[in-house]
Structures are given as C-alpha cells and as structure tokens.
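Quick notes on the structure that follows.
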Amino acid sequence: MEELDIIKKVFLLAVAKREEGETMQDTMESLVNTGMFDMKEAKQVLAELRDSKHLIGDNLSMSGVMVANAAEQEFKLQ
C-alpha cells in the first residue's frame, strides 16, 4: 500500500474524528483554520483522497479507516 503524506493522514484523521452532523465543508474549514493549507488545497486533497478510494463520498472507506487509525497511533507516539 502506498504511503500517504502527512497532510492526507491528518485530513483522514479529521474526517474520522468528526462530530455527528459535521459536514465535509466544516471539516475542511477546521483544517484551513489551523493553517495547514488554504481552501483550494483542501479541495485538492479531498479530491485526491476520493480518487484513491480512501474516501467514498464524504465518508471513510475501509482503507481510509485503517490509515486514520494508524495515523492516530503514530501521532500519539510522537
């Protein structure tokens, strides 16, 4: 499996940790507000994650869940 860059891992983790009722737009705005990237870049990352099948629509696929869980563990260890 191809290694995703840190931005994509953080994006997937943010999707995994969304509150009930939070939209993908809300998630992207939250990430933009952290200064991680601008909205144009957020939309590009979203499209790439959908193309790679880590996201299906606005939800994580099984591979997306696996990457998000691994990222969470990786960040806890650092």
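The values are calculated or read from the model by the stated rules, or taken from the named source; none is laboratory data. This structure is a prediction, so every number in the text was calculated from the model and none was measured. Cβ atoms come from the backbone with ideal geometry, glycine included; neighbour counts cover every protein chain shown. Note: areas computed on protein heavy atoms with side chains; ligands, DNA, RNA excluded. Shrake-Rupley method; radii C 1.70, N 1.55, O 1.52, S 1.80 Å.
Would you check which residues across segment 55-65 are open to solvent by 20 Å² or more (accessible area, probe 1.4 Å) and under 13 Å from Phe11 (Cα atoms) and list them?
Asp58, Asn59, Leu60, Val65, listed by residue number.
Give the number of residues within segment 18-51 that are within 12 Å of the chain's Cα centre (by Cα), within 21 Å of Gln73 (Cβ to Cβ) and free of Cβ contacts under 8 Å to residues at least 12 places away in the same chain.
Residues flagged as within 12 Å of the chain's Cα centre (by Cα), within 21 Å of Gln73 (Cβ to Cβ) and free of Cβ contacts under 8 Å to residues at least 12 places away in the same chain within segment 18-51 amount to 1.
Would you point out the residue of segment 18-45, among those that are out of contact with any helix residue (DSSP H, G or I) (no Cβ under 8 Å at 6 or more places or on another chain) and within 13 Å of Asn59 (Cα to Cα), that is most open to solvent (accessible area, probe 1.4 Å)?
Looking at residues that are out of contact with any helix residue (DSSP H, G or I) (no Cβ under 8 Å at 6 or more places or on another chain) and within 13 Å of Asn59 (Cα to Cα), I get Glu20.
Could you go through segment 26-36 and let me know if any residue there is among the charged types (D, E, K, R), modelled with pLDDT of 95 or more and outside any helix (DSSP H, G or I).
No: segment 26-36 contains no residue that is among the charged types (D, E, K, R), modelled with pLDDT of 95 or more and outside any helix (DSSP H, G or I).
Out of all the residues in segment 58-69, is one or more among the aliphatic types (A, V, I, L, M), in a helix (DSSP H, G or I) and in contact with a Leu (Cβ under 8 Å, 6 or more places away or on another chain)?
Yes, there is a match, as at least one residue in segment 58-69 is among the aliphatic types (A, V, I, L, M), in a helix (DSSP H, G or I) and in contact with a Leu (Cβ under 8 Å, 6 or more places away or on another chain).
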